[in-house]
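**Q** Starting off with a structure, shown below.
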Amino acid sequence: MKKYGYAPRFGPPCILCMLLALAVSLCGIALTLSSTSRVPLPYSNVQLAAAKQMAAAEQVLLQYVQQEGIAIEKDDLNQTGLIGPEWTELTSSLGLLEAKRTALQPDFAALMVKYYQEAGLKAGDTICCGMSGSFPGLCIAAVCAANQMDLNVRIIASYGSSMYGATRLELTNVRILDIAKKAGLISYELIAVSPGGDFDQGNSILFPNARQAIFALAEADRLMMIDEPSIPDSIQRRLKLFGSDVDCFVNIGGASANMGTSPYTLSFPNGLVTEPPKIPQDTDRGLMFEYAARGVPVVHMLNVRGLAEENGLPFDPVPLTQPGETNVYYTAWHSPWYAASALAIVAALLLLAWNANRKKGSKK
């Protein structure tokens, strides 16, 4: 049978060169990874200032809890006073206790600075925040970061909260923010409030009087209540109240009007989103999609475990971390010299292997 083509045979010198090239490649990768160092972000000083501001606000809130005789929950392992009871009139859904404790780390304010910086925000820009009561720590963090960057802050807050959040009637999320504001520690504009819960109606299976209790809170604080018959109506009302000069939208928690109730809700990524997934045309798609469709950066804060792991913050630390202790202030830097040297050596070895194989072929 006639054979076509030529199948080269590699001699020992050629094989040795290729094995050496493989070994050098692996060494180059290992040395590059081992040479990783932390480099402070260019705005790390702003991050630290925001984290210290958040720590100061949490200290004032703890003092308020103690002075008012509000019981600190046994599950509040770090004794912050900001972990609420499991079930109350304000409890709207299930919640992960460890996530609520994690979100109280002051360095979450540093993370928010990072997101605002990466979104390209500058002094004088406006962020609009849709906040449920599920993560009071993240709400404080969002405002502290904005204050340190001289951003304008507009808030529409929902009273509803998942378990272990701001579930106390005497210490709602609205009240928590107000205490810190009156202490001169944060600055924001509260435009309106809403009931929260399923479809933003404030109803509860366990507490038939939940809706009435929520409206009584808003009336006592003389706050504008958003109470629309449907989620699409609630979304449109919020868009009008926030205004047209929105440079970034921040969602904290899982309020229906902010996240939407369409099947696409779960496709929206956590953290800073400047390139959103497919945007649905549904009228109940939520403010996150509404602003994303307008080209406005969105910061989505819900999956606390994922946010912490991706940004160098520990999950459920005891004791609570202090400002400046986590890796959120740094970026990883790898020395290029090991990789460059390994590449050069590999190229030389492969050239030797090719020459050796070519000479062997020419002799044949």
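The values are calculated or read from the model by the stated rules, or taken from the named source; none is laboratory data. These numbers come from a predicted model, not from an experiment. Heads up, the Cβs are rebuilt from the backbone with ideal geometry, glycines too, and the neighbour counts pull from every protein chain shown. All accessible areas refer to the heavy atoms of the entire protein, side chains included, with ligands and DNA or RNA removed. Shrake-Rupley method; radii C 1.70, N 1.55, O 1.52, S 1.80 Å.
**Q** Does any residue in region 46-73 that is closer than 29 Å to Tyr116 by Cβ and in contact (Cβ under 8 Å) with a residue 40 or more places away in the chain come within less than 7 Å, Cβ to Cβ, of a residue that is part of a helix (DSSP H, G or I) and open to solvent by 50 Å² or more (accessible area, probe 1.4 Å) six or more places away or on a different chain, and which pairs are these?
**A** Here the result reads Val46/Gln148; Ala49/Gln148; Ala50/Gln148; Gln53/Gln148, each pair linking region 46-73 to a residue that is part of a helix (DSSP H, G or I) and open to solvent by 50 Å² or more (accessible area, probe 1.4 Å).
**Q** Hey, can you tell me all the residues within region 246-262 that are of a type outside the set (Asp, Glu) and part of a loop (DSSP other than H, G, I, E, B)? Even if it seems obvious, please write down each step before you answer.
**A** Kept after step one, since they are of a type outside the set (Asp, Glu), are these residues of region 246-262: 246, 248-262.
Result: Val246, Gly253, Gly254, Ala255, Gly260, Thr261, Ser262.
**Q** Additional query: Condition first: small (Gly, Ala, Ser), over 22 Å from Gly165 (Cβ atoms) and surrounded by fewer than 18 Cβ atoms within 10 Å (Cβ to Cβ). Now tell me which residues in region 289-330 satisfy that. So that I can check it myself, show each step before the final result.
**A** Looking only at region 289-330, we keep the residues that are small (Gly, Ala, Ser), and these are 292-293, 295, 306, 308, 312, 324.
Filter once more, keeping what is over 22 Å from Gly165 (Cβ atoms): 292-293, 295, 312, 324.
Hits for region 289-330 are Ala293, Gly295, Gly312, Gly324.
**Q** Hey, Gly95 hits all of (1) closer than 25 Å to Asp75 by Cβ; (2) open to solvent by 10 Å² or more (accessible area, probe 1.4 Å); (3) modelled with pLDDT of 95 or more but one; which does it fall short on?
**A** For Gly95, the failing item is (3).
**Q** Please count how many residues of region 189-208 are surrounded by fewer than 22 Cβ atoms within 10 Å (Cβ to Cβ) and not polar (S, T, N, Q).
**A** 10
**Q** Please determine whether any residue of region 125-132 is closer than 19 Å to Gly271 by Cβ and open to solvent by 40 Å² or more (accessible area, probe 1.4 Å).
**A** no
**Q** Exactly one of (1) open to solvent by 60 Å² or more (accessible area, probe 1.4 Å); (2) assigned to a loop (DSSP other than H, G, I, E, B) is unmet by Leu185. Its number?
**A** (1)
**Q** Among the residues of region 34-48, is any modelled with pLDDT under 70, in a helix (DSSP H, G or I) and open to solvent by 60 Å² or more (accessible area, probe 1.4 Å)?
**A** From region 34-48, those modelled with pLDDT under 70 are 34-37; that's our starting set.
Then keep just the ones that are in a helix (DSSP H, G or I); that gives 34.
Still in the running and open to solvent by 60 Å² or more (accessible area, probe 1.4 Å): 34.
Yes, region 34-48 contains at least one residue that is modelled with pLDDT under 70, in a helix (DSSP H, G or I) and open to solvent by 60 Å² or more (accessible area, probe 1.4 Å).
**Q** List pairs: first in region 179-191 and farther than 21 Å from Leu62 by Cα and of a type in the set (A, V, I, L, M, F, W, C), second part of a loop (DSSP other than H, G, I, E, B) and open to solvent by 30 Å² or more (accessible area, probe 1.4 Å), Cβ under 8 Å, 6+ apart or cross-chain?
**A** These pairs meet every condition: Leu190/Leu223; Ile191/Met224.
**Q** Kindly establish whether Phe315 is part of a loop (DSSP other than H, G, I, E, B) and closer than 27 Å to Leu96 by Cβ. Reasoning before the result, please.
**A** Working: part of a loop (DSSP other than H, G, I, E, B): yes; closer than 27 Å to Leu96 by Cβ: yes.
The answer is yes for Phe315.
**Q** Another question about this same structure. Could you check, for region 263-282, whether at least one of its residues is surrounded by 14 or more Cβ atoms within 10 Å (Cβ to Cβ), polar (S, T, N, Q) and not in a loop (DSSP other than H, G, I, E, B)?
**A** Checked against the condition, which is being surrounded by 14 or more Cβ atoms within 10 Å (Cβ to Cβ), polar (S, T, N, Q) and not in a loop (DSSP other than H, G, I, E, B), region 263-282 yields at least one hit.
**Q** Consider region 201-215. How many of its residues are among the hydrophobic types (A, V, I, L, M, F, W, C) and free of Cβ contacts under 8 Å to residues at least 60 places away in the same chain? Give the derivation first.
**A** Let us first name the residues in region 201-215 that are among the hydrophobic types (A, V, I, L, M, F, W, C), namely 205-207, 210, 213-215.
When the remaining residues are screened for being free of Cβ contacts under 8 Å to residues at least 60 places away in the same chain, the result is 205, 215.
Number of matching residues: 2.
**Q** Could you say which residue among Asn251, Asn258 is within 19 Å of Tyr115 (Cα to Cα), open to solvent by less than 20 Å² (accessible area, probe 1.4 Å) and touching a His at 6+ places or on another chain (Cβ under 6 Å)? Talk me through it step by step, then tell me what you get.
**A** Values: Asn258 fails: touching a His at 6+ places or on another chain (Cβ under 6 Å).
The unique qualifying residue is Asn251.
**Q** Which residue is most open to solvent (accessible area, probe 1.4 Å), if the candidates are limited to region 99-124 and must be touching a residue at least 60 places away in the same chain (Cβ under 8 Å) and among the basic types (Lys, Arg)?
**A** Selected residue: Lys114.
**Q** Could I ask something else about it? Check region 150-172 and report whether any residue there is more than 27 Å from Leu41 (Cβ to Cβ), part of a helix (DSSP H, G or I), of a type in the set (Asp, Glu) and touching a residue at least 12 places away in the same chain (Cβ under 8 Å). Even if it seems obvious, please write down each step before you answer.
**A** First, pick out the residues of region 150-172 that are more than 27 Å from Leu41 (Cβ to Cβ): 156-172.
Checking which are part of a helix (DSSP H, G or I) leaves us with none.
No, that holds for no residue.
**Q** Scan Ala255, Ala348, Ala332 and give me the residue that is at pLDDT below 75 and under 23 Å from the mean Cα position of the chain (by Cα).
**A** Details: Ala255 fails: at pLDDT below 75; Ala348 fails: under 23 Å from the mean Cα position of the chain (by Cα).
The match here is Ala332.
**Q** Moving on to the next point. Would you pick out the residues in region 282-304 that are farther than 20 Å from Arg237 by Cβ and over 17 Å from the mean Cα position of the chain (by Cα)?
**A** Within region 282-304, the first condition is being farther than 20 Å from Arg237 by Cβ, and the residues that meet it are 295, 297, 299-304.
Listed by number, the list holds a single entry, Gly295.
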